[in-house]
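This report refers to the structure that appears directly beneath it.
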Amino acid sequence: MTKSVFIKTFGCQMNVYDSARMEELLAPLGYQSAAQPDGADLVILNTCHIREKAAEKVFSELGQIRRWQRAKGRSGGRMLIGVGGCVAQAEGAELLRRAPFVDLVFGPQTYHRLPEMIERAARGETGIVDASFPADDKFEHLPQARRGGAVSAFLSVQEGCDKFCTFCVVPYTRGAEFSRPAAEILAEAGRLAAGGAREVTLLGQNVNAYHGAAPDGGEWRLGALIHALAELPGLARIRYVTSHPGDVDDGLVAAHRDVPQLMPFLHLPVQSGADRVLDAMNRRHSADDYRRTVARLRRVRPDLALSSDFIVGFPGESDAEFRATIALVEEIGFAQAFSFKYSPRPGTPAADLPDQVPEIVKAERLGELQAVLQRQQRGFNDACVGRVMPVLFEKPGREPGQLVGRSPYLQGGHASAPAAMIGDIVPLTIRAALPTSLTGELASPPGRHAAPAHRAMPA
């Protein structure tokens, strides 16, 4: 009997990947994806705990879902409600206390047990919680990934984090670092490519800490994995996120030098430009360490563009330390960046630190930092105007006859082009730059294109 499931995904790319795997896991049970939550037989919130007030947003969503659940009950049906992901991992008992109508609560490492939990709920069991860290590998219990049709796909290669930054909940919600065997990753990537994926983004909470079992014994780091992925037919682009400066080893630097499929865009969080703040964050690198890492990468890949994460107003941050962050940003230069005011996460060491920075000071610092970052991003995009850049078309655009895709630097790119070009890497002459995207026109007549990786970084 066909049933419907609606999954709402919050947060990171890893959650997007997990939600897709949940849908695949539920398909043999007769569940098909629903476009809307109202009327669905199963509604799952796949949650994220990184942003401020994440739990409150979940409870707000649950309030609306509860109304749909009641409506379905009045019509003689039943709607199961599940909450998964990092909020569920961190606050499972509180979730059930405040929302006792929730049927299933499960963490990021236990969603492979969804069929069992749904069966228990169908038998009338209530308050089902599984927020453990199983010793077994959840990927061994998931069905073989069967996703197809997407031009750009996510691929989880590593989970968890052993760094224990004092502001971060990830080690507590995702657990210790775990790397999937390389053969398993290569097989999944091969299926994605055979299904039409031209680009894969390798995912991990600390992806460049990857140390998976090699197909012939031994161990591969991320650089070796990237080299092997580049040999797969049809796979034209490789990206990875999120990385840590301390795990950029020589093999990864060599991959940036030697693998043309590896895109010249790297998200490398630094968080602060002040060494005392970095030490208080337990980041395990200094500002100069970060500078040296960037220099190593740019020596082998001069066209490399960077993105980063920044936290302002960390406990005890002085004006001089904030100025050190601004100086680092001005020195390095970023094509994109994410920046936030520090907000305490319950259970993390930084939440109990003295000298919490006043909210008004944090807001002022964030505004100043974002102005610099936005100027750099706009300057980077403006420098692309007049250049020819390869854009991987992914889907139709908003306008009739328009396609949208991504440049090597992850900028959105759109142009008038036939729908048959979806999945092609097409050279576009860039005519205009917007704050986060580029507009262009085909640099050659319509036809099958396979443009080489872009090697001329905007000046």
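The table that follows gives values for the structure above.
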{"read-out": "Qualifying residue in region 298-317 (condition: open to solvent by less than 20 Å² (accessible area, probe 1.4 Å), assigned to a helix (DSSP H, G or I) and either in contact (Cβ under 8 Å) with a residue 40 or more places away in the chain or under 24 Å from Asn208 (Cα atoms) (or both))", "value": "no"}
{"read-out": "Test: residue in region 331-347 that is over 24 Å from the mean Cα position of the chain (by Cα) and surrounded by fewer than 13 Cβ atoms within 10 Å (Cβ to Cβ)", "value": "yes"}
{"read-out": "Pairs where the first residue, in region 183-198, is at negative phi and the second is assigned to a helix (DSSP H, G or I) and modelled with pLDDT of 95 or more, C-beta under 7 Å, 6+ apart", "value": "Ile185/Leu225; Leu186/Ala228; Leu186/Leu229; Ala189/Leu229"}
{"read-out": "Test set (1) under 20 Å from the mean Cα position of the chain (by Cα); (2) open to solvent by less than 10 Å² (accessible area, probe 1.4 Å) - Ala255 fails condition number", "value": "(1)"}
{"read-out": "Residue match in region 96-104 (condition: closer than 17 Å to Leu45 by Cα and in a strand (DSSP E or B))", "value": "yes"}
{"read-out": "Residue within region 349-357 that is surrounded by 15 or more Cβ atoms within 10 Å (Cβ to Cβ), assigned to a loop (DSSP other than H, G, I, E, B) and modelled with pLDDT under 95 present", "value": "yes"}
{"read-out": "Among (1) assigned to a helix (DSSP H, G or I); (2) farther than 17 Å from Thr173 by Cα, the one test that Ala90 misses", "value": "(2)"}
{"read-out": "Residue list for region 33-58, restricted to those being open to solvent by 50 Å² or more (accessible area, probe 1.4 Å), touching a residue at least 12 places away in the same chain (Cβ under 8 Å) and part of a helix (DSSP H, G or I)", "value": "Lys57"}
{"read-out": "Residue in region 25-32 that is in a loop (DSSP other than H, G, I, E, B) and within 25 Å of Gly77 (Cα to Cα) present", "value": "yes"}
{"read-out": "Residue in region 349-358 that is farthest from Val372 (Cα to Cα), counting only those that are out of contact with any Gly (no Cβ under 9 Å at 6 or more places or on another chain) and touching a residue at least 12 places away in the same chain (Cβ under 8 Å)", "value": "Pro349"}
{"read-out": "Checklist (1) in a strand (DSSP E or B); (2) open to solvent by 30 Å² or more (accessible area, probe 1.4 Å) applied to Leu232, failing item", "value": "(1)"}
{"read-out": "Residue check for Glu116: on the phi < 0 side of the Ramachandran plot, open to solvent by 20 Å² or more (accessible area, probe 1.4 Å) and either of a type outside the set (Asp, Glu) or modelled with pLDDT under 90 (or both)", "value": "no"}
{"read-out": "Matching residues, region 53-97, being basic (Lys, Arg) and touching an Asp or Glu at 6+ places or on another chain (Cβ under 9 Å)", "value": "Arg67, Lys72, Arg78"}
{"read-out": "Count - residues of region 203-218 that are among the hydroxyl-bearing types (Ser, Thr, Tyr) and open to solvent by 10 Å² or more (accessible area, probe 1.4 Å)", "value": "0"}
{"read-out": "Residue pairs meeting the criteria (Cβ under 8 Å; at least 6 apart or on separate chains; first at positive phi, in region 335-348; second modelled with pLDDT under 90 and not hydrophobic (A, V, I, L, M, F, W, C))", "value": "Gly347/Tyr172"}
{"read-out": "Filter pass, Val83 being crowded, with 21+ Cβ neighbours inside 10 Å and more than 24 Å from Ala351 (Cβ to Cβ)", "value": "no"}
{"read-out": "Residue match in region 175-188 (condition: modelled with pLDDT under 90 and among the β-branched types (Val, Ile, Thr))", "value": "no"}
{"read-out": "Among the residues listed as Arg276, Arg283, Arg237, Arg221, the single one being open to solvent by 10 Å² or more (accessible area, probe 1.4 Å) and either closer than 25 Å to Pro302 by Cβ or in contact with an Asp or Glu (Cβ under 6 Å, 6 or more places away or on another chain) (or both)", "value": "Arg221"}
{"read-out": "Close pairs (8 angstrom Cβ cut-off, 6 or more residues apart or separate chains): within 16 Å of Ala153 (Cα to Cα) and hydrophobic (A, V, I, L, M, F, W, C) in region 405-418, open to solvent by 10 Å² or more (accessible area, probe 1.4 Å) and part of a strand (DSSP E or B) anywhere", "value": "Leu410/Arg239; Leu410/Phe265"}
{"read-out": "Unmet criterion (only one of (1) at pLDDT below 85; (2) on the phi < 0 side of the Ramachandran plot) for Lys53", "value": "(2)"}
{"read-out": "Hey, Leu252 farther than 24 Å from Leu369 by Cβ and of a type outside the set (S, T, N, Q) or not", "value": "yes"}
{"read-out": "Residue count for region 367-396, restricted to those that are within 19 Å of Ser407 (Cα to Cα), outside any strand (DSSP E or B) and either open to solvent by less than 20 Å² (accessible area, probe 1.4 Å) or among the hydroxyl-bearing types (Ser, Thr, Tyr) (or both)", "value": "2"}
{"read-out": "Test: residue in region 59-70 that is free of Cβ contacts under 8 Å to residues at least 60 places away in the same chain, exposed (fewer than 14 other Cβ atoms within 10 Å of the Cβ) and under 19 Å from Ala20 (Cα atoms)", "value": "no"}
{"read-out": "Filter result for Arg323 (open to solvent by 60 Å² or more (accessible area, probe 1.4 Å), free of Cβ contacts under 8 Å to residues at least 12 places away in the same chain, part of a helix (DSSP H, G or I) and under 28 Å from Gly405 (Cβ atoms))", "value": "no"}
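The values are calculated or read from the model by the stated rules, or taken from the named source; none is laboratory data. Treat the numbers as computed from the prediction; the structure is a model and nothing was measured. FYI the Cβ positions are ideal-geometry reconstructions off the backbone, even for glycines, and counts take in every protein chain you see. Accessible surface is based on the protein model in full, side chains and every heavy atom, while ligands, DNA and RNA are left aside. Shrake-Rupley method; radii C 1.70, N 1.55, O 1.52, S 1.80 Å.
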